[in-house]
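Enquirer: Attaching a single structure in structure tokens format; questions to follow.
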Amino acid sequence: MRKTVLVVDDEKLIRWSLGNKLTSWGYDVGTAENVKDACEALSEHAYDLILLDIKLPDGSGIDVLRRVNAITPDTAVIMITAEGTVETAVQAMKLGAYDYVSKPFNLDEMRLVIEKALEKADMKKNLDYFKAHKKADIIKNRIIGESRAFRRVLELVNKVATSPSATVLLSGESGTGKNIIAREIHNRSDRAERPFVTIECSTMPENLIESELFGHEKGAFTDARSIKKGLFELANTGTVLVDEIGDLPLVMQSKLLRAIDERRFKRVGGVIDYDIDVRIIAATNIDLEIAVEQKRFRRDLFFRLNVVPVQLPPLRERGNDVILLAEFFMQEFNRQFNKDFKAISDDAKTLMLDYHWPGNIRELRNAVERAVLLESENEIRPEHLILKPMTETQTAGYEKPDRTLDDNLSLDEVEAKMIKRALAMSGGNQSKAAQILGVSRDVLRYRMKKYGIGKDSVNNGT
Ligand SMILES: Nc1ncnc2c1ncn2[C@@H]1O[C@H](COP(=O)(O)OP(=O)(O)OP(=O)(O)O)[C@@H](O)[C@H]1O
Ligand SMILES: [Mg+2]
């Protein structure tokens, strides 16, 4: 992201030459020739840095500096001094200016001072962030899973991690690991050492969402007694996880879309545009496409977010991962509760493999936690696992997980299995089964013949 610099000097030649140089060094440049113009420019854009002449026709650079401190305190200021103004420069440093350069200046020196000031400003911003988030978690995840379905997720995670600005849409049932995967994408990216901020759309009171996201100016509304930075501003240069994005009210959806598209935003009650450079990861456990159809979610925002869709498979489709996860959690809670569980019994494993896990990994983790905490043996057995019985609708729509799919079935065998299953689901109706599989009825018939599947296989769906 290009940094923005404002050059404030009454000498046209200086504005012109500095402006050209700064542009060639890769900065976006604005200019102003007096205090009034400078203040106007400042109220339109939050600059990263200001080169500020002390002697201006309608006042002193110090006035501009005060203004900066009041409205965009993160902006770095470098004073430009002429003969006889060095003392003022010292005063300016006390007021928070980063440095000063004397006229006539050398451009190489100027460049160095600018880079140093921007670096310091960045460090200060990060420090502010970490102060605000004391337990700024440098959490290292342990992510477990080897199933084919989950490996596909991890491959995608690796891919998007290397493109540090790509927007990601994570979807999946509750407890499938959306938060942990979002964190992992951040951790593996170039932004790893930058802030990771989560916006919880579902728990935020509607009237506060906008100021939580974008911050507010002093006096923006009755309770706004001071300036508040929004989560986007705090996350700048890092990653924002917009969690349960389906719960975001429609008005906020358009504001979010605008911020993402323009890569800038205004604080509530403010007029200044702030640039943002963040990666957006959105997470949802509802089907956003359906929400779009029902006009509860903006189509344009959905398309904007759906750049890299990552679908987290439910636990019941991850085959043996359920055992790996259970063993991992068993060790975790052994340490936490000072217990010594050594194994999971075979029939407990079978139970875990067959159960439908509506609460997914969170439910599994809780079940293991409970067993390790309350039981005093050293083996987890079926009676230790308190699992919710399946409701009727769940049983109807749910087939026992197909463990063999992760084994070395040939493609033909998998296809035969899918056909049998579709037939079972359609109650033997071939047109319906063909629809489920997304093939024509002729193709289905042909393949049924090829695999020797008769109409009698209807009740033998697995
Ligand atoms: N692959 C995994 N390996 C280890 N732990 C995992 C894995 N996936 C999820 N977990 C753990 O399972 C729990 C639930 O995960 P997480 O909170 O990320 O799910 P979620 O999809 O965000 O759920 P919700 O939709 O309810 O917010 C967490 O404790 C998380 O650490
Ligand atoms: Mg979550």
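Enquirer: Please list, ordered by chain and number, the residues whose modelled amide H lies under 5 Å from the amide H of Ala224; skip anything fewer than 5 residues away on the same chain.
Expert: Gly219
Enquirer: A further question follows. Quick one: net charge of Ala348's neighbours, Cβ under 10 Å, K/R +1, D/E -1?
Expert: Result for the neighbourhood of Ala348: -2.
Enquirer: Keeping all protein chains in place, calculate the accessible area per residue for the chain (probe 1.4 angstrom), answer in Å².
Expert: 52 Å²
Enquirer: Any chance you could tell me what percent of the C-alpha pair distances in the chain go past 39 Å?
Expert: It works out to 42 percent of all Cα pairs.
Enquirer: Toward the positive end of the charge dipole of the chain, about the Cα centre and with charges on Cβ (Lys, Arg +1; Asp, Glu -1), which of Asn69, Met448, Ile361 goes farthest?
Expert: Met448
Enquirer: Same structure again: With +1 on each Lys and Arg Cβ and -1 on each Asp and Glu Cβ, and nothing else charged, work out how big the dipole of the chain is about its Cα centre, in Debye to the nearest 20. Walk me through the numbers on the way to the answer.
Expert: Details: 69 positive and 72 negative charges, 187 e Å.
With only Lys, Arg, Asp and Glu charged at Cβ, the dipole is about 900 debye.
Enquirer: OK, next. Roughly how many whole Å is it from the C-alpha centroid of region 332-359 to that of region 268-310?
Expert: A separation of 38 Å, based on Cα centres.
Enquirer: Next question. Report, to the nearest whole %, how much of the accessible area of the chain belongs to carbon and sulfur atoms, 1.4 Å probe, protein only.
Expert: Whole-percent figure for carbon plus sulfur exposure: 50.
Enquirer: Using the Karplus equation 6.51 cos²θ - 1.76 cosθ + 1.60 (θ = phi - 60°), what ³J(HN,Hα) coupling, rounded to whole Hz, does each residue of region 307-324 give in order, writing x for Gly and Pro?
Expert: Couplings: 5, 10, x, 10, 9, 8, x, x, 4, 5, 9, 10, x, 5, 3, 4, 6, 4 Hz.
Enquirer: Taking H as built 1.01 Å from N, whose amide H comes closer than 5 Å to the amide H of Ile344, not counting residues under 5 places away?
Expert: Ile380
Enquirer: A follow-up question, please. Arrange the peptides 154-161, 355-362, 7-14 so that the one whose residues have, on average, the most other Cβ atoms within 10 Å appears first.
Expert: Details: 154-161: 16.1, 355-362: 20.5, 7-14: 18.4.
Top of the packing list down: 355-362, 7-14, 154-161.
Enquirer: Per-residue HN-Hα couplings for region 43-48, Karplus 6.51 cos²θ - 1.76 cosθ + 1.60 at θ = phi - 60°, whole Hz, x for Gly and Pro?
Expert: Calculated HN-Hα couplings, in order: 8, 9, 8, 8, 6, 6 Hz.
Enquirer: How big, in percent, is the set of alpha carbon pairs in region 4-132 lying more than 20 Å apart? Numbers along the way, then the final one.
Expert: Values: 3113 of 8256 pairs.
Roughly 38 percent, rounded to a whole number.
Enquirer: If I model a spin label at Glu193 and Asp340 as a point 7 Å from the Cα along the Cα→Cβ vector, what separation in nanometres do I get?
Expert: 4.4 nm
Enquirer: Please name whichever of Asn126, Leu231, Phe302 sits farthest to the positive end of the charge dipole of the chain, dipole taken about the Cα centre and charges placed at Cβ: Lys and Arg +1, Asp and Glu -1.
Expert: Phe302
Enquirer: Run lengths n ≥ 4 of DSSP H only: what is the helix-derived mean residue ellipticity at 222 nm for the chain, with -39500 (n - 2.57) per run over all residues, to the nearest 500?
Expert: Per the formula, -13500 deg cm²/dmol.
Enquirer: On to the next question. Once Lys and Arg get +1 and Asp and Glu get -1 on their Cβ, which of Asn207, Ala283, Ala371 lies farthest toward the positive end of the dipole of the chain?
Expert: It is Ala371, whose Cα lies furthest towards the positive end.
Enquirer: Using the Cα centre of region 315-396 as the reference point, and only Cβ charges (+1 on K/R, -1 on D/E), how large is the resulting charge dipole? Debye, rounded to the nearest 20.
Expert: 260 debye
Enquirer: Pull up all non-local amide H partners of Ser165: gap of 5 or more, or a different chain, and H-to-H distance under 5 Å with H placed in the peptide plane.
Expert: Those lying under 5 Å, H to H, from Ser165: there are none.
Enquirer: What are the principal axis extents of the Cα atoms in region 216-298, in Å, biggest first?
Expert: 40, 29, 19 Å, listed from the longest principal axis down.
Enquirer: Let me ask something additional. Restricting to region 209-343, what percent of DSSP beta bridges are antiparallel, rounded to 5?
Expert: Working: 5 of 10 bridges.
In region 209-343, approximately 50 percent of DSSP beta bridges are antiparallel ones.
Enquirer: Also, quick follow-up: Peptides 223-232, 175-184: what's the order by average Cβ count within 10 Å, highest mean first?
Expert: 175-184, 223-232
Enquirer: Each residue of region 76-81 in turn: what ³J(HN,Hα) in whole Hz from Karplus with 6.51, -1.76, 1.60 and θ = phi - 60°, glycine and Pro shown as x?
Expert: So the Karplus estimates, Gly and Pro as x, are 7, 10, 10, 7, 10, 10 Hz.
Enquirer: If the only charges are +1 at each Lys and Arg Cβ and -1 at each Asp and Glu Cβ, what is the size of the charge dipole of region 148-311 around the Cα centre, to the nearest 20 debye?
Expert: 320 debye
Enquirer: Still on this model: How high is the relative contact order of region 25-72? Use alpha-carbon pairs under 8 Å, at least six apart in sequence, and give a whole percent.
Expert: 40 percent
The values are calculated or read from the model by the stated rules, or taken from the named source; none is laboratory data. Nothing here was measured: the structure is a model prediction, and the numbers come from that model. Cβ atoms come from the backbone with ideal geometry, glycine included; neighbour counts cover every protein chain shown. What goes into the accessible areas is simple: the full protein's heavy atoms, side chains included, and nothing from ligands, DNA or RNA. Shrake-Rupley method; radii C 1.70, N 1.55, O 1.52, S 1.80 Å.
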